[in-house]
Amino acid sequence: MRPLYTARLDRKLLLSASAQCYHLEFCIDALARFDFEAGQFLSFVAPDAQGKEQTRAYSIASAPDANRFALCVNRVENGFFSNLLCDLAEGDTLACHGPHGTFVLREPLTHSLCIATGTGIAPMRGFAQALFPATSEDRSGGKDFFLVYGTRYAGDVYYQDYFEDLAARYPNFHYVATLSRAEASWTGAQGYVQEHAARLLATFAAGHAAPPTSPDAPAAPPDPAAAAFEMHAYVCGLNQMVSASRERLKALGWHRKQIIFERYD
Ligand SMILES: Cc1cc2nc3c(=O)[nH]c(=O)nc-3n(C[C@H](O)[C@H](O)[C@H](O)COP(=O)(O)OP(=O)(O)OC[C@H]3O[C@@H](n4cnc5c(N)ncnc54)[C@H](O)[C@@H]3O)c2cc1C
């Protein structure tokens, strides 16, 4: 039988008041170490008002760290489990099992394109922590790591400071946050994540274009499909965005096996 753990909420941070999104840090006190791979999810279990057992999946929003893990959860209107999690107070406990899932970085590590919307940023934070750890050396192997994150408003760009800091410190970490309902004051990207991903890929491909065969010959044109050959894409969020991103990448010549995805609905 799979073990059921008791997770204790150790720290709770409001990431966005408008989106009612929380960063929740848990400890499993019974374990010295809780092993998982960045990107995996846990299944949380609790009885509802009728006493019926409910189970919901939540991506781990951190890299392995002793017996700790983090979640990024937003309230869903009238939703049972999201509100239960968001209403927890520090010190409260909840049952969970896992880790589960195959939404993990593929080995050997390749250049990677990560596309997320909303709380789909959770596993991406885990990937980033695993590849660019705060207290030990860079594990990215020099591979380029592109993160394209879409949300509605500027106030819902979860973990913005963390990702901007990584982008400032590591030349191979690239971060674009794009808004679908930008306020006039927003000077950053706007529109669909998949379009920004395609634009980044074209730029990346240009940098990887085959050199000209002779000094007089023109450089080969950028070929996003050729650049994509040695990449993986990791896409996480609601189904509509995941499907649109997969279709966009396939249209650019990506093979379906290069596109790893996690759907939240
Ligand atoms: C592998 C996996 C990982 C996930 N990771 C996360 C995560 O890291 N953070 C996170 O916040 N959520 C995550 N989810 C979604 C989560 O499991 C729940 O579906 C979500 O919290 C809603 O559950 P609920 O019990 O509150 O709503 P329910 O009581 O199940 O549903 C209430 C209503 O909300 C709708 N609904 C259900 N899910 C969603 C949703 N995700 N968004 C909008 N409306 C919805 C339902 O159709 C229903 O009408 C993940 C889902 C999967 C499958």
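Throughout, read-outs are computed from the coordinates displayed, never taken from laboratory work. Because the structure is a prediction, the values reported are computed rather than measured. Because the Cβ atoms are built from the backbone with ideal geometry, glycine has one as well, and the counts that use them run over all protein chains shown.
Overview of values
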item	result
Candidate set: region 62-78, residues that are within 8 Å of the ligand (Cβ to nearest atom) and within 22 Å of the chain's Cα centre (by Cα); chosen: the one farthest from K12 (Cα to Cα)	V76
Criterion violated by Q50 - all others in (1) surrounded by fewer than 19 Cβ atoms within 10 Å (Cβ to Cβ); (2) within 30 Å of L179 (Cβ to Cβ); (3) within 16 Å of the ligand (Cβ to nearest atom) satisfied	(2)
From the options A46, A7, A19, residue that is among the aliphatic types (A, V, I, L, M) and part of a loop (DSSP other than H, G, I, E, B)	A19
Tally, over region 9-35, of residues that are of a type outside the set (A, V, I, L, M) and farther than 26 Å from Q160 by Cα	4
Flag for L94 being assigned to a strand (DSSP E or B) and away from the ligand (no atom under 11 Å from the Cβ)	yes
Residue identified as of a type in the set (G, A, S), within 16 Å of the ligand (Cβ to nearest atom) and over 11 Å from the mean Cα position of the chain (by Cα) among G101, G118	G101
Qualifying residue in region 53-61 (condition: within 16 Å of the ligand (Cβ to nearest atom), out of contact with any strand residue (DSSP E or B) (no Cβ under 8 Å at 6 or more places or on another chain) and under 25 Å from R169 (Cα atoms))	no
